[in-house]
Amino acid sequence: MTKEVATPTRKIIHVDMDAFYASVEQRDNPELRGKPVAVGSPVARGVVAAASYEARVFGVRSAMPSVTAARQCPDLIFVKPRFEVYRAVSMQIRSIFAEYTPLIEPLSLDEAYLDVTENLKGIAIATDIATEIRARIKQVTGLNASAGISYNKFLAKMASDLNKPNGQAVISPKNGPAFVEGLPVKKFHGVGPATAKKMAALGIETGADLKEKSVEFLTDHFGKSGPHFHGIARGIDNRQVRPDRERKSVGAEDTFAIDIADLEAAKRELVPLVAKVWRYCAGHAIAAKTVTVKIRFADFQIITRSRTVPTAFPNENAILTAAITLLEAAYPFRKSVWLLGVTLSSLGHSNVPSATQLEFLL
């Protein structure tokens, strides 16, 4: 008779740097410390890439148009982004992660998942590892990091927000399901404003409401995300921490609480999607030669339109212009639009100067 061996509970840490770009600028320029700082361009077409905590008090957030940010915080100080510096600091941080585990999944320059179930230092308690890592980051870079510790990626990500800035929190297997049930779905990682509105229209306001819905119901209304929502409503997320691999594409998409039939409205919805994929590429020194627009209609039919150029798109405006052209080619729409997505592919290394990184088209 074969004796079954219980699978150990995974120990996942999500490390998230506090206001990373802005904190680097405040570290390197003492005159900026304690002041509201936005990394980005102050021009009318500019966009905020990151905001210090002093700026966030005024409601300034990343991806916000610069004119809006300046209106909300008249004393806001704009600083040009230095992606080469941010990448260098990010590599320092990842070297620290590698002292503890080879299972590192970077999400961006300033955050990553770590699987420390079996770690290189033989430390039994994941909270102790998170404390050490945060202390090492502070020692090496002079920057603060927050951390979330849990038994899966979703809850580790949620935990890292609980005691920000410069703190950490644990969500245990015992407390995980109850934590999710009491949380508004609009605060779930992976549930954007449009999805939250759609959930609200379906009577889903909290994790407990989400838990009441069947996987079939959620799949009918949210497509391939349905099974994921069904799982996380129960504190279940079986995704593994996947070490960094070469990306084939970078994409972003959004579903709408109210379907879109108007071309101009659809164009406006492309702006934040392009901004999101461009920020990722800029932060990782990635260039792309292909842009694809995905359109999902109210009857669930999906079409895609792509354009490939001989040399990489030089900036965000060029990608947005191409995406709008592709969208226009699909108009008039056969049905109202339920979802739009933008994907960049044919990726390579970028040598684009950082000054062109944050143009924003209104």
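Placing unit charges on each Cβ (+1 for Lys and Arg, -1 for Asp and Glu) gives the chain a dipole about its Cα centre, and among Thr325, Leu162, Gly223 the Cα reaching farthest toward its positive end belongs to Thr325. Sorting Arg71, Arg61 from the fewest to the most surrounding beta carbons within 10 angstrom yields Arg71, Arg61.
Our helix-only sum for the chain, with -39,500 (n - 2.57) per DSSP H run of n ≥ 4 divided by its residues, gives a mean residue ellipticity at 222 nm of -10500 deg cm²/dmol. For the range 49-71 versus the range 108-181, the spacing of their alpha-carbon centroids is 26 Å.
On average, how much area does the Cα convex hull of the range 177-232 cover when viewed from any direction, in nm²?
Working: hull surface 12.9 nm².
Spelled out: convex hull of the Cα atoms, projected over all directions, averaged, 3.2 nm².
If you plug the beta carbon distance of Asp161 and Ala285 into 1/(1 + (r/R0)^6) with R0 = 25 Å, you get a FRET efficiency near 0.35. The relative contact order of the range 249-356, computed from alpha carbon pairs under 8 Å that lie at least 6 residues apart in sequence, is 45 percent.
Placing +1 on each Lys and Arg Cβ and -1 on each Asp and Glu Cβ, with no other charges, gives the range 20-82 a dipole about its Cα centre of roughly 160 debye. Using the Cβ-Cβ distance between Met91 and His349 with R0 = 22 Å, the FRET efficiency computed as 1/(1 + (r/R0)^6) comes to roughly 0.90.
Fully extended, how many nm does the chain gain between Arg334 and Asp220 (0.36 nm per residue separation, minus their Cα-Cα distance)?
39.0 nm
For Arg136, the shell of other residues with beta-carbons less than 13 Å away shows a net charge of +1, using +1 for Lys and Arg and -1 for Asp and Glu. What the Cβ-Cβ distance of Lys197 and Val140 gives, at R0 = 30 Å and to the nearest 0.05, is a FRET efficiency of 0.10. Label positions at Ile125 and Phe297, each projected 7 Å from the Cα along the C-beta direction, are separated by 5.9 nm.
Per the Debye calculation on the range 147-295 with a single equal scatterer at every Cα and no solvent contribution, log₁₀ I(q)/I(0) for q = 0.08, 0.16, 0.17, 0.19 Å⁻¹ amounts to -0.28, -1.07, -1.16, -1.29.
Sequence-distant contacts, meaning Cα pairs under 8 Å at least 6 residues apart, place the relative contact order of the range 130-238 at 20 percent.
Computed over the range 72-168, the percent of Cα pairs more than 21 Å apart is 35.
This model, with +1 at the C-beta of Lys and Arg and -1 at the C-beta of Asp and Glu, gives the chain a dipole about its Cα centre of some 280 debye. Annotation: extensible slack from Leu263 through Arg61 equals 70.0 nm (criterion: 0.36 nm per residue apart, minus Cα-Cα distance). Between Thr325 and Glu84, the contour length at 0.36 nm per residue exceeds the alpha carbon distance by 83.6 nm.
Legend: residue pairs Lys164/Lys187; Lys11/Lys138; Lys248/Lys335, Cα-Cα distance threshold 19 Å; pairs beyond threshold, Lys11/Lys138; Lys248/Lys335.
Rg of the Cα atoms in the range 20-82, relative to 2.2 N^0.38 Å, amounts to 0.94. Placing +1 on the Cβ of every Lys and Arg and -1 on the Cβ of every Asp and Glu, with nothing else charged, gives the range 107-206 a dipole about its Cα centre of roughly 240 debye.
Short-range pairs are left out: with C-alpha atoms under 8 Å and at least six residues apart, the relative contact order of the chain is 16 percent.
Candidates Cys73, Ala126, Tyr100 compared by Cα position along the dipole of the range 56-127: farthest toward the positive end lies Cys73, with charges placed on Cβ.
Fewest to most neighbouring Cβ within 10 Å: what's the order for Val185, Val24, Val67?
Listing Val185, Val24, Val67 from fewest to most nearby Cβ atoms yields Val67, Val185, Val24.
Kirkwood analysis of the Cα pair distances in the range 65-106 returns a hydrodynamic radius of 13.2 Å. Between the listed residues Ser172, Gly192, Val241, the Cα displaced farthest toward the positive end of the dipole of the chain, a dipole computed from Cβ unit charges relative to the Cα centre, is found at Val241.
Laboratory data are not the source of any read-out in this text; all were calculated from the coordinates shown. Remember, it's a predicted structure, so these values are computed and weren't measured experimentally. Reconstructed Cβ throughout: ideal geometry from the backbone, glycine too, with neighbour counts over all protein chains shown.
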